[in-house]
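Asks: Sharing a structure with you now.
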Amino acid sequence: MSRFIDENLRLAREIIARYPKPRSAMIPLLHLAQEQNGYVPQDAMEEVAELVGVSSAEVLGTLSFYEMFKQIQPGRYQVNICHGISCFLCGAGELLSHAEEKLGIKSGGTTPDGMFSLEAVECIAACTEAPALQVNYRYSHRSTSEGFDELVDALAAGDRTDIPEHGILATVRQRIPSERAAGASSPDVSEVPVWLGEG
Amino acid sequence: MAVDHIITKRFNIVDAHTLDGYLASGGYRGLRRALEMVPSDVHEEVKTASLLGRGGAGFPAGVKWGFCPPGVWPRYLVVNGDESEPGTYKDRLLMERDPHQLIEGCLIASYALGLSQCFLYVRGEMAEAQERVAAALNEAYEAGYIGKNICGTDFSVDIVLHWGAGAYIVGEETALLESLEGRRGMPRLKPPAFPASFGLYGKPTIVNNVETLSNLPWIIEHGGAAFAELGGEQSTGTRMFAVSGHVKRPGVYEVEFGVTTFREIIYADEYAGGIAGGRELKCFIPGGASAPWFYEEHLDLPLDKATVDQAGSMLGSGAIVVMDETTDAVAACHNLVRFFARESCGKCTPCREGTAWMEQILSRVLHRQARPDDLDLLLDICDNISPGFAWPPKMTTICPLGPSAVSPVISALGRFKDEFETYIAQSQARPRIPVASG
Ligand SMILES: Cc1cc2nc3c(=O)[nH]c(=O)nc-3n(C[C@H](O)[C@H](O)[C@H](O)COP(=O)(O)O)c2cc1C
Ligand code: SF4
Ligand code: FES
């Protein structure tokens, strides 16, 4: 079963409490589910639905809009090669063909051993460092074919411990210490902020 | 030109992203200064600075702030850190290298306007930015800069880091709010949904770009007038421009806004250093994928909002994409249109259907399988999305994404029609291929 483990359930409740309305926590909670499982399984969607108080169809509706959420398990390493305009001008096409050859899969595919998924993606905000790619959302700038081979070989050999497996988005999380929190601001409570004074 | 850097001034300080590094380099002075002022005076300083929004539309921040209806509470701040316009690369740098500067900017805005909660929406694909911002927020909470009774005053506000999940359209401000409410990121109809009056949960909401807010600490520390002295008449201060594509030194450069010319930023040695390989310029995009293209004759225009608008394009998100003479205009045009076709949210028919058709036609041309009347068909579709191809575009759509897909087509066809015609002349007409097949 892929429902939240206790620690993540606690975290999920903490995240929900930060928002004025629980539904706003839907995307962060889906990330949490993806972090736990590598993708978002059906029962995780149901649990997120329960937690934020909507139907699981609504969770699916939201989830399916966003590219990062996977409904089937991708490779341990999701390799995203940018084919946006700046990268295209700087050789992204050749890099992508090379990657397909090196990994033996087409863009959109996953290697049979479940190690790598490959995708051509839109601009990833590294345009001056073209051609750019990401492995599990960690960047490689100014990529070359040789550099790509080295990267893939190092990942396959388990030498890139700086790149966590797919689903783990950020290794640092926001913590709001309860004694420091100002608290979520409900849209239903109309109060003049104290520091503005009476006027 | 020797200009003091404002927002990138800490980029060469190794530990600028930590609280210690930030404080040691003058951090949180703007906030302390603001807290000594009455909130409305802080707002006045931002108006005086005439700070234009850096997210794309270039609307003055101080004026936008003034659109919050009086007496309606609560008000929210939503920071747009979704940076995904092709060619754009600056907000990620600001979040990774100087996250406290952004946080300080959020606090100043919140203090000035009585914003009672702030959501920092950061694009999901930016893991390191997420980490840097999270770490900075954690430190700032611990040190009493965020949360309850900030710096011992009665000013209290939470800043919540929110993870995006990958969708370009979410950068559009009303789609951003939909996404923040846990929905598909589809733009809302304006009016009534101008965020300043009807935003998050229907409450007044200020949506500002990361770079816009990052300017606030400097503005409050040094005064709006000092900021307005820098740069051009309306395009004040400095601004970050990413110069990418076929240049010798692609990079992100902070330059005086409204003064520096395209020629300088593309050719000068201290900036992009000219076209790589000694080749000639073919064209350049002055402000991201959505902007109409510029050519040789535009090189001496300053990077000034009004000037560029008047010349028929826009500075958009500060993304200059340079294409040299070897560039295939049809392929570049196809690349840009494919982006919009993929990223259309599907809410309006002209955009959803039109961009997909355009992509297919261009792909057919590129594969030398065009039909003789394909260019007419392409223009007809463009006209349906953006009638008359005016600038700024007329729209039949809810948001500007649809019309954005028209820009590269009108640009490429206007200047390089012969390249399209060559492809068409070489085409093996295969008139039976259905246009809208998957
Ligand atoms: C399709 C589309 C995508 C956009 N993407 C972004 C974006 O990624 N980041 C951003 O700050 N603004 C983006 N904008 C502009 C926002 O709608 C909004 O104008 C801006 O965030 C306001 O902040 P500013 O006034 O500080 O510039 C986009 C607009 C459109 C129409
Ligand atoms: S123009 Fe396109 S992206 Fe914008 S709302 Fe309409 S369908 Fe969605
Ligand atoms: S176009 Fe590839 S990172 Fe922007």
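The values are calculated or read from the model by the stated rules, or taken from the named source; none is laboratory data. No experiment lies behind these values; they were computed from the predicted model shown. Because the Cβ atoms are built from the backbone with ideal geometry, glycine has one as well, and the counts that use them run over all protein chains shown.
Residues checked against (1) more than 20 Å from the chain's Cα centre (by Cα); (2) within 10 Å of chain A (Cβ to nearest Cβ); (3) in a loop (DSSP other than H, G, I, E, B); (4) within 13 Å of ligand 1 (Cβ to nearest atom):
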| position | (1), (2), (3), (4) |
| --- | --- |
| B:GLY58 | no, no, yes, yes |
| B:PHE67 | yes, no, yes, yes |
| B:ASN80 | no, no, no, yes |
| B:GLU83 | no, yes, yes, yes |
| B:LEU94 | no, no, no, yes |
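Asks: Which one of A:LEU133, A:LEU151, A:LEU95, A:LEU89 is surrounded by 19 or more Cβ atoms within 10 Å (Cβ to Cβ), farther than 27 Å from B:PHE284 by Cα and touching a strand residue (DSSP E or B) at 6+ places or on another chain (Cβ under 7 Å)?
Replies: None of the others qualify; the one that does is A:LEU151.
Asks: Take the residues in segment B:239-264 that are farther than 21 Å from B:ASN215 by Cα and surrounded by fewer than 21 Cβ atoms within 10 Å (Cβ to Cβ), then tell me which one is farthest from ligand 1 (Cβ to nearest atom).
Replies: Going through the qualifying residues, I end up with B:LYS248.
Asks: Collect the residues in segment B:375-413 that are of a type in the set (Ser, Thr, Tyr), closer than 26 Å to B:ARG188 by Cβ, within 14 Å of chain A (Cβ to nearest Cβ) and more than 16 Å from ligand 3 (Cβ to nearest atom), keeping them in residue-number order.
Replies: Within segment B:375-413, just B:SER407 meets the criteria.
Asks: List, please: which pairs have Cβ atoms under 9 Å, are six or more places apart or on different chains, and start with a residue in segment B:200-218 that is over 11 Å from B:LEU51 (Cβ atoms) and end with one that is assigned to a helix (DSSP H, G or I) and within 16 Å of ligand 2 (Cβ to nearest atom)?
Replies: B:LEU200/B:LEU177; B:TYR201/B:LEU177; B:THR205/B:GLU173; B:THR205/B:LEU177; B:VAL207/B:GLU173; B:VAL207/B:THR174; B:VAL207/B:LEU176; B:VAL207/B:LEU177
Asks: Related question: Restricting attention to segment B:5-31, which residues are surrounded by fewer than 17 Cβ atoms within 10 Å (Cβ to Cβ) and in a helix (DSSP H, G or I)?
Replies: B:ASP20, B:GLY21, B:LEU23, B:ALA24, B:ARG29 - these are the residues of segment B:5-31 that are surrounded by fewer than 17 Cβ atoms within 10 Å (Cβ to Cβ) and in a helix (DSSP H, G or I).
Asks: Identify the residue in segment B:83-97 that is of a type outside the set (Lys, Arg) and surrounded by fewer than 24 Cβ atoms within 10 Å (Cβ to Cβ) and, among all such residues, is nearest to B:ALA136 (Cα to Cα).
Replies: So the residue we want is B:GLU96.
Asks: Let me ask something else about it. Going by what's in this entry, would B:GLY277 be described as out of contact with any Gly (no Cβ under 8 Å at 6 or more places or on another chain), outside any loop (DSSP other than H, G, I, E, B) and away from ligand 2 (no atom under 16 Å from the Cβ)?
Replies: yes
Asks: Among the residues of segment B:235-272, how many are part of a loop (DSSP other than H, G, I, E, B) and either of a type in the set (Gly, Ala, Ser) or more than 18 Å from the chain's Cα centre (by Cα) (or both)?
Replies: Total satisfying the criteria: 14.
Yes or no, residue by residue, for (1) within 16 Å of ligand 1 (Cβ to nearest atom); (2) more than 13 Å from chain B (Cβ to nearest Cβ); (3) not polar (S, T, N, Q):
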site: A:GLY93; (1), (2), (3): no, no, yes
site: A:ALA99; (1), (2), (3): no, yes, yes
site: A:THR111; (1), (2), (3): no, yes, no
site: A:MET115; (1), (2), (3): no, yes, yes
site: A:VAL121; (1), (2), (3): yes, no, yes
site: A:THR128; (1), (2), (3): no, no, no
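Asks: For segment A:69-91, enumerate the residues that are hydroxyl-bearing (Ser, Thr, Tyr) and more than 16 Å from ligand 1 (Cβ to nearest atom).
Replies: Once the filter is applied, which keeps residues that are hydroxyl-bearing (Ser, Thr, Tyr) and more than 16 Å from ligand 1 (Cβ to nearest atom), segment A:69-91 yields only A:TYR77.
Asks: Being outside the structural domain of B:TYR295 (by TED's automatic domain parsing), without any contact (Cβ under 8 Å) to a residue 40 or more places away in the chain, in contact with a Ser or Thr (Cβ under 7 Å, 6 or more places away or on another chain) and away from ligand 2 (no atom under 16 Å from the Cβ) is the requirement here; does B:HIS334 meet it?
Replies: Considered against the rule, which asks whether it is outside the structural domain of B:TYR295 (by TED's automatic domain parsing), without any contact (Cβ under 8 Å) to a residue 40 or more places away in the chain, in contact with a Ser or Thr (Cβ under 7 Å, 6 or more places away or on another chain) and away from ligand 2 (no atom under 16 Å from the Cβ), B:HIS334 comes out as yes.
Asks: Among the listed residues A:LEU196, A:LEU155, which satisfies the condition of being more than 7 Å from chain B (Cβ to nearest Cβ) and away from ligand 3 (no atom under 16 Å from the Cβ)?
Replies: It is A:LEU155.
Asks: Of the conditions (1) modelled with pLDDT of 95 or more; (2) within 16 Å of ligand 1 (Cβ to nearest atom); (3) surrounded by fewer than 22 Cβ atoms within 10 Å (Cβ to Cβ); (4) over 20 Å from B:GLY171 (Cα atoms), B:TRP391 fails just one. Which one is it?
Replies: (1)
Asks: Which of the residues that make up segment B:167-205 are surrounded by fewer than 22 Cβ atoms within 10 Å (Cβ to Cβ), part of a loop (DSSP other than H, G, I, E, B) and at the interface with another protein chain (Cβ under 7 Å from one of its Cβ atoms)?
Replies: B:GLU181, B:ARG183, B:ARG184
Asks: Quickly run through segment B:382-394 and pick out the residues that are farther than 18 Å from B:TRP357 by Cα and not in a helix (DSSP H, G or I).
Replies: Scanning segment B:382-394 gives B:ALA390, B:TRP391, B:PRO392, B:PRO393, B:LYS394.
Asks: Given the conditions (1) in a helix (DSSP H, G or I); (2) more than 7 Å from chain A (Cβ to nearest Cβ); (3) free of Cβ contacts under 8 Å to residues at least 60 places away in the same chain, report the number of the one that B:GLU131 does not fulfil.
Replies: With respect to (1) in a helix (DSSP H, G or I); (2) more than 7 Å from chain A (Cβ to nearest Cβ); (3) free of Cβ contacts under 8 Å to residues at least 60 places away in the same chain, B:GLU131 is out only on (2).
Asks: Right, next: Answer yes if at least one residue in segment B:144-156 is over 23 Å from B:PRO74 (Cα atoms), free of Cβ contacts under 8 Å to residues at least 60 places away in the same chain and of a type in the set (S, T, N, Q), and no otherwise.
Replies: No, that holds for no residue.
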